Amino acid sequence: MPANTNAPSRGDGRPRNAPRPAARIVIAGLGLVTPLGHAAWETFAALLAGRTLAERAERPDHIPADVAGVDLVRALGAVRVAQHGSSDPSIDLAERAGREAMFQAGRQPRDVPMVLGTSKGAVKAMTDAREALLQALARGQMDDPPTRLTHQAEAVVHGPQGHLTRQLHHRLGTPPHRHVVAACASSLTALHYARDLLLAAANSKSEIRNPKSPPTAPDHVLVLTADAALLPAFIHSYRRLGVLAPLTTTDYRQRPLDRRRQGFMLSEAGAAVLLKRLPPGVEPGIGEIELLDTAVAAETHDIIRPAPTMPALRHVARRLLAERAIDMLHPHATGTPEHDPLELSIYADVLDEVAPSSHRRPTLYANKGALGHSLGAAGLTAFVLACMTLRTGQRPPMPWLAEPMAEARGFTLTADAGPCSRTGTHAIFAAGFAGHVAGAVVQRH
């Protein structure tokens, strides 16, 4: 449906012609674990200080110049606290992020529905388990397998996504509602389905006639993601696809929105967002961040490449940006030569078509230049950082942006940090292989 370009934006960030949702949804808690910090505030402080993954490659006492490519990727992109546990790193990362989000909200994770979004899941656990089981079979030890092999067999049988879900349910006590796999848009797609769950629950509660009946619909949903896929098979696959930056200590850099961009750096991350549905008629309080809207789409053009004009991203951008005054836009911005100009051109076209004419172009912030590309966890990572930016009123610098690309299409690209509105509206996007796209809009009251 074409947008009504004459309808001004509402004061709450929604277009005036958009229907009010059945319930208002706010952010009750955030969690984030990255190579630069083991909590959301620690990571954000590192970003404000201008730190990046690549800084360790610039110190020869940390990484020798002749390091192997796989070792270089792991040395720069791994979260150290998750490397030496007894389980898959993705399990530890998701658990840490989830507990941080629940702690912020002052709640226990038990009985809060969990929606997961990952592109790889606990793939290291499955790979290690398969190898161990094959070795045990070769040694003739499978007639009476020990407990360790029984646990490894579970990782194989359930698969990487199922194993991650099962382990987080066991550790956190959160009942799993859904596990979304949508390439690099997985975690923002999970956020979309979590919002849908809360809105559907609001509608179902409104139909309960007996006020003495206990509520059965959830008023909180925990959105979780983690990807830790720094395995040789994935590293070499991305290298052959031509999307990784050159694997040397001098060239392995991620420079989104810069003309020198050559590809992305792989990294690990875990992120969590606890959504809370407000009671009917209750407005978000001062300082609360509201999830205004989400949208998802997918193309059927190719198993890897998006369609040349990225119609799925165009659809999601039009859906979320129409008649809204967006203060900051967080693009997917992988830092590959082809993706970044095409992505910005779509936002420029959509804003020219549907945005309020009196509003300037939004500020851009591309976090992957500092944190690398965490694949399925990238979208929710950007979402958490958008919320942190709103809470602090500070946009981190982009120190890799020494030569902003010429195809910015009217957007201002700057390497410097800067202030931003603490009551602004932010749009966050994620796009992945096979044309999966997801986006979200938040506003701080």
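Numbers for the structure displayed
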read-out	value
Test: residue in region 40-47 that is under 30 Å from Gln108 (Cα atoms) and not hydrophobic (A, V, I, L, M, F, W, C)	yes
Conditions (1) of a type outside the set (A, V, I, L, M, F, W, C); (2) in contact with a strand residue (DSSP E or B) (Cβ under 7 Å, 6 or more places away or on another chain); (3) within 20 Å of Arg360 (Cα to Cα); (4) open to solvent by 10 Å² or more (accessible area, probe 1.4 Å): number failed by His315	(3)
Subset tally (residues that are open to solvent by less than 50 Å² (accessible area, probe 1.4 Å) and modelled with pLDDT under 95) for region 244-254	1
Any hit, region 259-282, residues being without any contact (Cβ under 8 Å) to a residue 40 or more places away in the chain and either closer than 24 Å to Thr43 by Cβ or open to solvent by less than 10 Å² (accessible area, probe 1.4 Å) (or both)	no
Any chance Ala65 is buried (at least 23 other Cβ atoms within 10 Å of the Cβ) and either of a type in the set (A, V, I, L, M, F, W, C) or not in a helix (DSSP H, G or I) (or both)	no
Some residue of region 91-98 being closer than 24 Å to Val221 by Cβ and among the acidic types (Asp, Glu)	yes
Count of region 261-295 residues which are farther than 30 Å from Ala75 by Cβ and in a strand (DSSP E or B)	11
Which listed residue is charged (D, E, K, R) and on the phi > 0 side of the Ramachandran plot, from Arg409, Arg395, Arg422	Arg409
Some residue of region 81-104 being more than 18 Å from Thr225 (Cα to Cα), in contact with a Lys or Arg (Cβ under 7 Å, 6 or more places away or on another chain) and in a helix (DSSP H, G or I)	no
Some residue of region 35-51 being outside any helix (DSSP H, G or I), acidic (Asp, Glu) and more than 16 Å from the chain's Cα centre (by Cα)	no
Breaking point among (1) open to solvent by 30 Å² or more (accessible area, probe 1.4 Å); (2) part of a loop (DSSP other than H, G, I, E, B); (3) at pLDDT 95 or above, for Pro60	(3)
First in region 89-104 and over 15 Å from Leu116 (Cα atoms), second anywhere and of a type in the set (Asp, Glu) and at pLDDT 95 or above, Cβ under 8 Å, 6 or more apart	Pro89/Glu268
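The values are calculated or read from the model by the stated rules, or taken from the named source; none is laboratory data. Quick caveat: nothing in here was measured; it's all calculated off a predicted structure. No Cβ is skipped: glycine too gets one built from the backbone with ideal geometry, and neighbour counts run over all protein chains shown. SASA here: full protein model, heavy atoms, side chains in, ligands and nucleic acids out. Shrake-Rupley method; radii C 1.70, N 1.55, O 1.52, S 1.80 Å.
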